[in-house]
Amino acid sequence: MSHIGLLSGSADRVKRLSQLLRDAGADPVIITDPAALPGDSASDGLDFYIQLPVTIHPDGDTAVARVGSFLSSGLLARFSAVDRVLPVLAPGATVVLVSGNTPDEMSLPDDQHSRLALLHLLAHAARAELAAKHVEVRVVSSQRTDEEIVQCALGGDRDSHPPRDSQERASAATAYQDWRTEVMGLVGIDI
């Protein structure tokens with residue numbers, strides 16, 4: 001069975017993963033520019049979406065400005081990218097969010113725990129939005145091999161996440177829909 005999916009992120013790893021996906025019988029659409037991601041007008045039929053990190057070059061003359069640039073151009077841009085893909089995911093699809101890493105030569109303080117927390121928040125929000133479609137959303141480490149990431153996207157990595165029965169899936173969908181309702185009802189938040 002051919003899987004049709006979307007792959008976005010830095011060009012070098014996208015190229016490697018796209019070949020592995022083709023070798024596994026999948027048909028990946030490769031997009032390295034998040035602005036080119038499909039929107040509401042695309043068909044509702046992607047079996048998977050793999051979002052790899054992108055290489056960014058933070059701007060700013062202060063540490064605060066550079067961290068802000070890193071967040072807005074990198075991590076927070078991933079939220080917009082996932083939001084654009086949501087309408088085109090098929091029921092039962094898989095979304096794989098691959099964490100990034102900060103190169104050693106980057107002169108920014110790195111808080112990997114916080115970066116992962118934001119990526120997990122993105123995963124929770126996507127699960128809430130897609131609860132009725134039973135889309136699986138997973139966050140995986142950038143340290144995973146290309147082969148492991150492909151297996152996650154194509155459903156071959158179920159050992160660590162055994163399939164849920166229909167009652168458990170319905171319960172999880174309800175919980176995420178409740179969380180989505182709560183988030184959508186927020187009018188103002190002091191932060």
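Any read-out appearing in this document is the output of simple, stated calculations on the displayed coordinates, not a laboratory observation. As the structure is a prediction and not an experimental result, all values here were calculated from the model. Every residue, glycine as well, gets a Cβ built from its backbone with ideal geometry; the counts of neighbours run over all protein chains shown.
Taking θ as phi - 60° and the Karplus parameters 6.51, -1.76 and 1.60, the scalar couplings of region 14-28 work out to 4, 4, 5, 5, 4, 5, 5, 5, 4, 4, 8, x, 8, 10, x Hz in sequence order, x denoting glycine and proline. Taking amide H as placed 1.01 Å from N in the peptide plane, L6 has its amide H under 5 Å from the amide H of V29, F48, Y49, I50, each at least 5 places away in sequence or on another chain. On the beta carbon distance between V64 and Q143, with R0 = 30 Å, the FRET formula returns roughly 0.55.
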